[in-house]
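Everything below concerns the one structure shown next.
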Protein chains: 2
Amino acid sequence: MNSKLKAVEEEFIVTIGQLSESLSINRIVGQLYALLFLSPGPLSLDDMVDKLKISKGNASVNIRELERWNAVKKVWIKGERKNFYQANLDVLKIVINCFKNGLHQRMQKTTERIVKTQGMLNKSSNLFINKEEKNIAEIYQDRLKRIKEISEKTENLVKVLSGLVE
Amino acid sequence: MNSKLKAVEEEFIVTIGQLSESLSINRIVGQLYALLFLSPGPLSLDDMVDKLKISKGNASVNIRELERWNAVKKVWIKGERKNFYQANLDVLKIVINCFKNGLHQRMQKTTERIVKTQGMLNKSSNLFINKEEKNIAEIYQDRLKRIKEISEKTENLVKVLSGLVE
DNA sequence: TAATATGTTTAGAATATTCTAAACGATACA
DNA sequence: TGTATCGTTTAGAATATTCTAAACATATTA
């Protein structure tokens, strides 16, 4: 391939790899996606291994991560025994979806625990006899309620984002 | 302190610590904030060291991270030589602000590199003589433009978020 | 069936991150 | 001035993550 085109490809792959890393996403995940995103046609695992100079195992696990995100999909090419992959070009949808799912999972777990903690506090409230303890319990109730409200706002955001990606 | 209240505090600290970790934020950062968020009054570094059972160095660097985020602030208590800290209770503002700033920094860098890459491609376009190369160059131009558009949308989001936190 | 091609799993090497304990520097106070 | 009290920095230990190379499982072709 033309060396100028190769330079453009390389530059793009490095850029997206760094962006990935800075978002705490495995660099190879970003680079695999960048590679497929630019590629005029589908690529095999071996193609990607050659381009990125990584091991096959590494390519294998990270391409499956991208499949899970619906960021790439397998395509079958007749006469070929290898799997080929192509990028889903709708980057915005992929990003919003990942963000939404990540947020949902994490906040759901957190909300459950906060609610449980509120329960602990309410069940014990009759045990707080002196003024000092009653005061602290009241503060705790207030603070937990604030956090709970944020959980609810976040779940609303998740719903809004769901609407954006159908 | 009442053991029930202690259990509530502990549970909350663990919950927020786990949430932090799951968001690729240092666990101690989350736990320090959780501790101060619940606390009826300001706490010293030593108080936090005792509660979380961590080293002073660890507490020191992570509390400064929280200061940088405007998530906690120093308060001076007369007659005390130690620094005391208290939480900014406006969690939503802190979160939106961190998210916004993180996004802005990362996307700005990325956008710059994408634009540079577009420049590389355009400058070379007269060098692509055969049909094949011209075709690939055109695809690259299209794909880079898509990414560029997302960068712009992201910068818009940053502006919207800026509006939300004044 | 044997030989080859392909993707996955795994053990542990390489690297990066987090954490502590101790050294350090600065400030307050005797 | 010397001593105690703080917070910060730092060297390297502990831990977690990422990556490779090789073993493995499965399917395909000869």
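Read-outs throughout are calculated quantities, based only on the coordinates presented, and are distinct from any laboratory measurement. In this text the structure is predicted, and so the values were computed from the model without any measurement. Neighbour counts are summed over all protein chains in view; Cβ atoms, including those assigned to glycine, are modelled from backbone coordinates with ideal geometry.
For the reader, a short list of remarks on this structure follows.
- For segment B:43-60, backbone phi angles converted through the Karplus equation (6.51, -1.76, 1.60; θ = phi - 60°) give residue-by-residue couplings of 10, 8, 3, 4, 4, 5, 4, 5, 5, 8, 6, 10, 6, 5, x, 4, 4, 4 Hz, Gly and Pro being listed as x.
- Computed from backbone phi with θ = phi - 60° and the Karplus coefficients 6.51, -1.76 and 1.60, the 3J(HN,Hα) list for segment B:103-119 is 4, 4, 3, 5, 6, 4, 4, 5, 4, 3, 5, 5, 4, 4, 5, 4, x Hz; x is used for glycine and proline.
- Using Cβ point charges alone (K and R +1, D and E -1), the dipole size of segment A:3-89 about the Cα centre works out to roughly 300 debye.
- Separation of alpha-carbon centers, segment B:134-166 and segment B:69-103, rounded to whole Å: 33
- Here the convex hull built on the C-alpha positions of chain B has a volume of 159 cubic angstrom per residue.
- Summary for residue B:109: label point 7 Å along Cα→Cβ; distances to the equivalent points in the other copies, ascending, 2.7 nm.
- In this structure, the pairs whose alpha-carbon distance is over 24 Å, taken from B:53/B:73; A:116/B:73; A:100/B:93, are A:116/B:73.
- Amide hydrogen neighbours beyond the local backbone of residue B:83, cut-off 5 Å, H modeled: B:45
- Each residue of segment B:145-154 was assigned a 3J(HN,Hα) from its phi angle through the Karplus curve 6.51 cos²θ - 1.76 cosθ + 1.60 (θ = phi - 60°); the sequence is 5, 4, 5, 4, 4, 5, 4, 5, 4, 5 Hz, with glycine and proline shown as x.
- For residue B:82, the aspartates and glutamates whose Cα comes closer than 13 Å to its Cα, not counting residues fewer than 8 places off in the same chain, are B:46, B:47.
- Take residue B:160, move 7 Å from Cα toward the beta carbon, and the resulting point lies 0.7 nm from the same point in each other copy, nearest first.
- Within the listed set A:86, A:31, A:108, the Gaussian network model of chain A (springs between alpha-carbon atoms below 10 Å) gives the highest mean-square fluctuation for A:108.
- A dipole drawn for the protein assembly as shown from +1 and -1 charges on Cβ atoms has a positive end, and of A:59, B:115, A:37 the residue lying farthest that way is A:59.
- A compact globular protein would have a Cα radius of gyration near 2.2 N^0.38 Å; the ratio found for segment B:3-89 is 1.02.
- Cut-off under 5 Å, modelled amide H: who pairs with residue B:88 long-range: B:72, B:73
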